[in-house]
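The values are calculated or read from the model by the stated rules, or taken from the named source; none is laboratory data. As the structure is a computational prediction, the values presented were derived from the model and not from experiment. Glycine gets a Cβ as well: all are built from the backbone with ideal geometry, and neighbour counts include every protein chain shown.
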């Protein structure tokens, strides 16, 4: 080639330099598809070699489900060599299979009443539960209403170690091993969700319509979830896609008599070869709830409207989701008064009401996100982005002029690269969050100033199987910048940095699974804790921030042992969590207009120790009878005990359920009947200005019935607090006004599967 | 066709409920006069806003108006 031609080509190439960055993405899209046209998998019983019909086969990379037919056959198209398949069938042990380079193969499943190999998806990797070095509890939320649960935190409280901190019926947030609010991170699918959870009178902010399951990580989890994941993480997952080719439309409604409350929800799902959809929504309306002795909790009423949906496209090497969720709630704030001479009787009324009155909280949450995953033979690339807006408006003394009106805008994105070879899985990722907190001009007061918060974190993890031992580990670095504009008297500019790590081991052996993990977490002080300077009417105090607070650092050692046989599963899980610079609020000797002044401060060393245990038994002579007991204990040791308030009460919960679906015939079938009890011991480990709480016990009963040969109609109902016990949980924000929890509550619901 | 009708009907019902829920909110208002509470009756929308921001004037005396349950 002549030199002049080389020059011409060089100049042309140089002009194109700005589009070089798109080449990697084009390359991803153009990688030749190394996949088979169609693959069929035959599922058989390992003992009898009979075909297994109705098994759920989940192709992990594509997030795609298919069911095995009457011959036990499942057919996939566009499946890559090296792809992973998770197989779950009732009465069999679940398995993860790496797809071989073939078009047809057989998988034999071992019969088992209890599976220790449920799928576990953590930020470190996707594996079966027995191979995960970190214990993750998963709960199905699709049918949480069957037990009369009003909201997500109440449903999560079925998990050992997890409680619900309530302010009446309409405001609740999860408490994990004694930590709540700013110490618990909530994820909606792959996106972190922020909804002003720093306030004790601010709930979780998400409805349960369209939510399929929740996973709870107990203890510090900053390695994958960044700053603030000190107490734990709650991951809420949309309803999983249906098997390919299926669609579903379900409507349900439920009535709860204690609050004259009605809830209606619908969900529509459709799964095709490429496209999948979910649309779900609901509305509820509850009046003031009844308490024992025929009285009602004044202003505990609430209404909400919620919706969620996603559209998903599955390409040859990729899967993409666009998700949207909203929640609009109007909630009364019970127990709120400006009267310094108020008594508990002032908050209990003889007739319930439903229309909103003062004081009330209006919450509007909108979350939109896009998730992308490109996958190859041995690797994956994830790219996610999202935006969330939270509006929190409180009316205190006037119905037309808000006392507090704040808007929180949250911009998030994260990327992750995963590489697998042999028994090793490596990943590296980054997360970014930019948060803008604004006070609206129409509000009379400001509790916290306008501020921006910017987070950046990066991490690497490794998961290795060495013989029978599985090891997962990682390290992470985070930065956070908090800026309060300098045109206010509370100006602030602070930069924080934190380093975290985690290492977990699992050793499954025969009927046993042994786990041990060491994990760190850290939490940066919130703007509330740094700069609060105002009346917190909900807590009847004047709060002062402390801009010299340091971040909290936590280190948890967690051990667990599980033993499972055909009829019994026993689990023991002790742990110790050491925290430096634990931030709390304490009273001073000052008063401001008659209200006591509290200031944020920190305790140098705080140590939590506790344990969870569970037993699940179903006898040989009655395989469908399930007897389950969970126990939770948490103590504060080796610290200034006055610094930590709202320690959950020791708890034992029991559930006895009979699954009758196999015995019922005809048009009316009883699916299950059950009773549930919760027994809490007294809590005497209390902080400054806190009172102890007595022991209590409650008893619930529930049932569900299917109608019709195709079981399209389900009736569910029961009674909560059958004995009409008057009790106040230690975590209740209404304890100071002696407001008990709801009394006897009959509930009844109908669910109709239209398609 | 039947499925499509059901979905459209459900969607219409939801939209209708959202639209009909956007109604003016009314509240019972009162003020604390020299001889006790004085009821002003049910007030709605802009009238409530005006009363709460400007108060209620009786014989050159302006009283703070409260529009909430007792």
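So which residues in the stretch A:711-747 are more than 28 Å from residue A:293 (Cβ to Cβ) and either assigned to a strand (DSSP E or B) or without any contact (Cβ under 8 Å) to a residue 12 or more places away in the chain (or both)?
Of everything in the stretch A:711-747, those that are more than 28 Å from residue A:293 (Cβ to Cβ) and either assigned to a strand (DSSP E or B) or without any contact (Cβ under 8 Å) to a residue 12 or more places away in the chain (or both) turn out to be A:713, A:714, A:715, A:716.
Looking only at the stretch A:263-294, which residues are away from chain B (no Cβ under 13 Å) and not in a strand (DSSP E or B)?
A:272, A:273, A:274, A:289, A:292, A:293, A:294
Can you confirm whether residue A:350 is within 14 Å of chain B (Cβ to nearest Cβ) and without any contact (Cβ under 8 Å) to a residue 12 or more places away in the chain?
no
Restricting to the stretch A:641-690, count the residues that are at positive phi and either modelled with pLDDT of 95 or more or over 28 Å from the mean Cα position of the chain (by Cα) (or both).
2
Scan the stretch A:536-554 residue by residue and report those that are buried (at least 19 other Cβ atoms within 10 Å of the Cβ) and assigned to a strand (DSSP E or B).
Answer for the stretch A:536-554, where residues must be buried (at least 19 other Cβ atoms within 10 Å of the Cβ) and assigned to a strand (DSSP E or B): A:542, A:543, A:552, A:553, A:554.
Given the conditions (1) closer than 30 Å to residue B:66 by Cα; (2) touching a residue at least 24 places away in the same chain (Cβ under 8 Å); (3) out of contact with any helix residue (DSSP H, G or I) (no Cβ under 6 Å at 6 or more places or on another chain); (4) away from chain B (no Cβ under 12 Å), and given that residue A:356 satisfies all but one, which numbered condition is not satisfied?
Condition (4) is where residue A:356 drops out.
Could you figure out which of (1) under 23 Å from residue A:272 (Cβ atoms); (2) modelled with pLDDT of 90 or more isn't true of residue A:51?
Going through the list (1) under 23 Å from residue A:272 (Cβ atoms); (2) modelled with pLDDT of 90 or more, residue A:51 breaks only (1).
Of everything in the stretch B:56-70 that's within 13 Å of chain A (Cβ to nearest Cβ) and exposed (fewer than 14 other Cβ atoms within 10 Å of the Cβ), which residue is nearest to residue A:360 (Cα to Cα)?
Ranking the qualifying residues of the stretch B:56-70, first place goes to B:70.
If residue A:233 satisfies every condition in (1) over 18 Å from residue A:364 (Cα atoms); (2) in contact with a helix residue (DSSP H, G or I) (Cβ under 7 Å, 6 or more places away or on another chain); (3) modelled with pLDDT under 90 but one, which is the exception?
The single condition residue A:233 does not satisfy is (3).
Restricting to the stretch A:52-97, what's the tally of residues that are in a strand (DSSP E or B) and in contact with a strand residue (DSSP E or B) (Cβ under 6 Å, 6 or more places away or on another chain)?
24
For residue A:253, indicate whether it is part of a strand (DSSP E or B), away from chain B (no Cβ under 13 Å) and touching a residue at least 40 places away in the same chain (Cβ under 8 Å).
No, not satisfied.
Can you pull out every residue in the stretch A:55-76 that is modelled with pLDDT of 90 or more and closer than 25 Å to residue A:417 by Cβ?
Listed by number, the list is empty, since nothing qualifies.
Tell me which of these residue A:336 doesn't satisfy, since it passes every other one: (1) over 23 Å from residue A:387 (Cα atoms); (2) touching a strand residue (DSSP E or B) at 6+ places or on another chain (Cβ under 7 Å); (3) surrounded by 22 or more Cβ atoms within 10 Å (Cβ to Cβ); (4) within 12 Å of chain B (Cβ to nearest Cβ).
(2)
Mind listing whichever residues of the stretch A:280-292 are crowded, with 17+ Cβ neighbours inside 10 Å and in contact (Cβ under 8 Å) with a residue 40 or more places away in the chain?
A:280, A:281, A:282, A:285, A:286, A:287, A:288, A:289, A:290, A:291
Do we find a residue being touching a residue at least 60 places away in the same chain (Cβ under 8 Å), under 28 Å from residue A:619 (Cβ atoms) and part of a loop (DSSP other than H, G, I, E, B) anywhere in the stretch A:567-587?
yes
Among residues belonging to the stretch A:675-686 that are touching a residue at least 40 places away in the same chain (Cβ under 8 Å) and in contact with a strand residue (DSSP E or B) (Cβ under 7 Å, 6 or more places away or on another chain), point out the one that is surrounded by the fewest Cβ atoms within 10 Å (Cβ to Cβ).
Checked the stretch A:675-686; the qualifying residue surrounded by the fewest Cβ atoms within 10 Å (Cβ to Cβ) is A:685.
Right, residue B:50: surrounded by 10 or more Cβ atoms within 10 Å (Cβ to Cβ), within 12 Å of chain A (Cβ to nearest Cβ), modelled with pLDDT of 85 or more and within 21 Å of residue A:359 (Cα to Cα) or not?
Taking the combined requirement at face value, the residue satisfies it.
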